[in-house]
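**Student:** Before I ask anything, let me first share the structure, which is written out below as structure tokens.
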Amino acid sequence: MDFEQLSMPDANVRFYPAFFSPEESSALLADLTTNIAWKQEQIQIFGKPVAMPRLTAWYGDEGKSYSYSGLTSHPLAWTETLLAIKSRVDAASDATFNSVLLNLYRDGRDSMGWHSDDEPELGTNPVIASVTFGASRTFQFKHKQNPDLRAAVELTSGSLLIMAGTTQHFWKHQIPKTKQPLTARINLTFRIIVK
């Protein structure tokens, strides 16, 4: 399977633009839109509850809870669809993921701010595998120690992005808002909870 190694110091990022075929991607988008238990979480910003600008869901092995942005999510049981996607992602990543965070971006107003996937539950040098179905969105990177050092990749439907090595230690990433009229996008970020 063809992939691009992103040219980023202090990082190991591989991008597979056509990991799933267009037909598979359309079918999986429809399945996940309907069969995932989506919810809109509230997070605290300056002490006030604010609705997250996207819908989320957390699935995984029993006991693999995950805390981020002041929230703790307890996993729902894997669906057959999620296990089928995970099997292919595991093989490409040389990893065995035990959980997945799903994000539903309803349109261009939904977003994800600058952050690193560096929570203690993920351990040292975590491997994060990100799959996209639906609308393309720009995924931006910014180096923590040298903010002028940036990179970006267009996450197209059916694509797989694998972040490994020291990527989370040295880089932040985000999905910015856009005024472009966009349809929905579902993103799955597979993770290994080690605690």
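The values are calculated or read from the model by the stated rules, or taken from the named source; none is laboratory data. These numbers were taken from a predicted model, which means no experiment stands behind them. Heads up, the Cβs are rebuilt from the backbone with ideal geometry, glycines too, and the neighbour counts pull from every protein chain shown. The accessibility values were calculated without ligands, DNA or RNA, using every heavy atom of the protein model including side chains. Shrake-Rupley method; radii C 1.70, N 1.55, O 1.52, S 1.80 Å.
**Student:** What pairs can you find where one residue is in segment 165-181 and within 13 Å of MET8 (Cα to Cα), the other is open to solvent by less than 30 Å² (accessible area, probe 1.4 Å) and polar (S, T, N, Q), and their Cβ atoms are less than 7 Å apart, with a gap of 6+ or different chains?
**Tutor:** GLN168/SER116; TRP171/SER116; LYS172/SER116
**Student:** Scan segment 146-158 for residues that are open to solvent by 10 Å² or more (accessible area, probe 1.4 Å) and either within 26 Å of GLY70 (Cβ to Cβ) or in contact with a helix residue (DSSP H, G or I) (Cβ under 6 Å, 6 or more places away or on another chain) (or both) and report the count.
**Tutor:** The qualifying residues number 2.
**Student:** Looking only at residues in segment 1-26 that are of a type in the set (D, E, K, R) and outside any helix (DSSP H, G or I), which one is most open to solvent (accessible area, probe 1.4 Å)?
**Tutor:** Taking segment 1-26 first, the residues of a type in the set (D, E, K, R) are 2, 4, 10, 14, 23-24.
Filter once more, keeping what is outside any helix (DSSP H, G or I): 2, 4, 10, 14.
Details: ASP2: 134, GLU4: 99, ASP10: 69, ARG14: 41 Å².
My answer is ASP2.
One line per residue, one yes/no per condition, for (1) more than 19 Å from ALA152 (Cβ to Cβ); (2) in contact with a Cys (Cβ under 9 Å, 6 or more places away or on another chain); (3) modelled with pLDDT under 95:
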| residue | (1), (2), (3) |
| --- | --- |
| PRO9 | no, no, no |
| SER26 | yes, no, no |
| ILE36 | yes, no, no |
| GLN44 | yes, no, yes |
| TRP58 | yes, no, no |
| GLU62 | yes, no, no |
| SER67 | yes, no, yes |
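**Student:** Condition first: open to solvent by 60 Å² or more (accessible area, probe 1.4 Å) and without any contact (Cβ under 8 Å) to a residue 60 or more places away in the chain. Now tell me which residues in segment 31-44 satisfy that.
**Tutor:** Within segment 31-44, THR34, ASN35, LYS39, GLN40, GLN42, GLN44 meet the criteria.
**Student:** Working only within segment 159-195, note down all residues that are in contact with a helix residue (DSSP H, G or I) (Cβ under 9 Å, 6 or more places away or on another chain) and open to solvent by 70 Å² or more (accessible area, probe 1.4 Å).
**Tutor:** Once the filter is applied, which keeps residues that are in contact with a helix residue (DSSP H, G or I) (Cβ under 9 Å, 6 or more places away or on another chain) and open to solvent by 70 Å² or more (accessible area, probe 1.4 Å), segment 159-195 yields VAL194, LYS195.
**Student:** Across segment 107-136, what is the number of residues that are part of a strand (DSSP E or B) and open to solvent by less than 10 Å² (accessible area, probe 1.4 Å)?
**Tutor:** Residues flagged as part of a strand (DSSP E or B) and open to solvent by less than 10 Å² (accessible area, probe 1.4 Å) within segment 107-136 amount to 6.
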